[in-house]
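These notes concern the structure reproduced below.
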Amino acid sequence: MRILAIETSCDETAVCVIEADGSQGSDFRFQVLGNALLSQVATHAPYGGVFPNLARREHEKNLVPIMSEALQEAGLLSPGASPIEGVEAILARETELFSQLQVFLSQYKKPEIDVIAVTHGPGLEPALWVGVNFARALATAWQLPIVPVNHMEGHLILSALCGQNEKYQVSGIRYQVNSKIQFPLLALLISGGHTELILSREWMRYELIGQTRDDAVGEAFDKVARLMGLPYPGGPEIDRLAQQARLSSSNDGFTKSVTLPRPMIDTNDYDFSFSGLKTAVRRLVEAHQPLSDSMKMLIAREFEDACADVLVAKTMKAVEEFGVQSVAVGGGVSANEEIRNRLAQALKDYGSDAKLLIPPRDLATDNALMIALAGYFRAMQNPSDGGFAEPNSIRANGNLKLV
Ligand code: KG4
Ligand code: ZN
C-alpha cells in the first residue's frame, strides 16, 4: 500500500510518501519513497511561541511545495492533469492554498498512491484544518480514500516500530523494523502538548494510566527557557545548556544552591505536574538577576534533572507494576539527551529485560513519517471494500484523545 501522509498540527509542514506491506508481529516492512518537512521555527521565534493563525497561513503557503518535493523524490510526479471538480469548494477558506493546488493539479497526473493519511488532532485547530482540508481536496481530485490519524498515535507507532534503529536515515532505504514488539508495551509520550503514560497490552489498543495535571513537560521546557531569556523553542536550548553544565568542571560554586522540586515523584499514581516546577524556576531566576551564563547553565541542568527524575520514576513504577516488556518513548521531548540516557540507565539498573524504543532525535519531533505509519495500520483495519471515512466527515479536533 502506498500512502501519502500530511502533518500540520503545529509548526511543521510535513509530507511523506511510504510504501508499506505486511502486518505487525510478522512481516511488516516499509520504504520511505519521499519525505519533506518545513519547520516554521524561524517564523515564530520572534514571538517566543507558536501563533495558531500564523502557523495556519504558513501551512497554506507551504503545503503544495512540500508535497511536490516529497512526490518528486518518490518519482511520482508525471506531467498531465488531474480533475479539479469540487476542489475549490473544499478550499473556500484557504484561497492561497487553492490557487497553488489548482496550478499543481493542472500540471500533474494523479500519482500512484492508494491512500491519503492526515493528522486530524490533537494540535492547533486552525493549523490542523489546513491539513485536513488539503487532504479532502486531494482525495476529491484523485478519488482516493482518506485515513484520519491521531498525532499521538503517530508518535507512539513510530517509536514502537523504529525506536531501535539508531542509524536511521529517512529516504530511500527499505526498512525491516521492530515488527515483533513484545507486549505489554508502555508508551511515555512527552511533547509540547502532552505528558502521558499509556499501556498497550495488544497492538493499537490503549489504556491511559497517567497524565499531567497541568503543563506538558515540553511546555515547561519552553516556558522555563523563556523565563531565562532563551530563544524559542526552549527544549533544545535547555538540552544544550544542561549538557554544557555537565561538561564544565568549574561551575561558580553555585551547584549546591540550585535545587528544584520533583513534583509528584512519590505519589501513588502515574500522574505528573510541571507547573510548580516552572514557578520554582521563576523564583530562582528572580533571585539571581541579572542571570549569569553559568547560572543559566546550572538552572537548565537542575530543571532537566528534575524532569528526568519524575519521568523516570513514574515510568519505572509502571514497568514494575504491569510487567512491561517494551518501553516506547515518543514526542519532541524524547529528543532530549539526558532523558534518553536516564531512561536507558534506569531500565538497565532495574535489571529489566524490557526493550527501550526511542526514535532517533530527528524523528522524535513532529514529522509526516509517523502519520504515514499510523495511517497504514489504521487503513489496514478498514474493510477493503471502501469502508473509509467519508472525506467530508473528517474534522480537525484540537483536543482529540487517543484513549
Ligand atoms: O512532538 P513535538 O515536536 O510537537 C508537539 O506535538 O508538541 O514536541 C515539541 C516539544 C517542544 O516543547 C520542544 O521544546 C520539545 O518538544 N523539545 C525538546 C527537545 N527538542 C524538542 N525538549 C527537550 N529537549 C530537547 N532536545
Ligand atoms: Zn508531536
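The values are calculated or read from the model by the stated rules, or taken from the named source; none is laboratory data. Note that the structure is a prediction, hence the values are computed from the model and not measured. No Cβ is skipped: glycine too gets one built from the backbone with ideal geometry, and neighbour counts run over all protein chains shown. Ligands, DNA and RNA are excluded from the accessible area calculation, which covers all protein heavy atoms including side chains. Shrake-Rupley method; radii C 1.70, N 1.55, O 1.52, S 1.80 Å.
For Arg57, what is the net charge nearby, where nearby means another residue's Cβ is under 15 Å from its Cβ and Lys, Arg count +1, Asp, Glu -1? Don't skip to the answer; put the middle values down first.
Details: positive: Arg56, Lys61, Arg93; negative: Asp11, Glu12, Glu58, Glu60, Glu94, Glu96, Glu125.
Net charge in that neighbourhood comes out at -4.
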The chain - percent of accessible surface contributed by carbon and sulfur, probe 1.4 Å:
48 percent
How big is the chain by Rg and Dmax over its Cα atoms, in Å?
21.7, 70
Using a 10 Å cut-off on Cβ atoms, rank the peptides 344-356, 9-21, 191-203 from the highest mean neighbour count down.
9-21, 191-203, 344-356
With every protein chain present, what is the per residue accessible area of segment 338-403 (1.4 Å probe, Å²)?
48 Å²
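Applying a 10 Å radius around every beta-carbon, put 79-88, 181-190, 298-307 in order of their mean neighbour count, most first. Write down the numbers at each step before the final one.
Numbers: 79-88: 12.9, 181-190: 22.6, 298-307: 24.3.
Ranked by mean Cβ neighbours within 10 Å, highest first: 298-307, 181-190, 79-88.
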Highest-first arrangement of 104-116, 31-43, where packing means the average Cβ count within 10 Å:
31-43, 104-116
Length-normalised contact order of the chain, Cα under 8 Å, at least 6 apart, in percent, tallies to 23 percent
How high is the relative contact order of segment 280-364, in percent, counting Cα pairs under 8 Å that sit 6 or more residues apart?
30 percent
Of Lys278/Lys314; Lys61/Lys296; Lys296/Lys348; Lys314/Lys401; Lys180/Lys348; Lys180/Lys314, which ones are farther than 28 Å apart at the Cα?
Lys61/Lys296; Lys296/Lys348
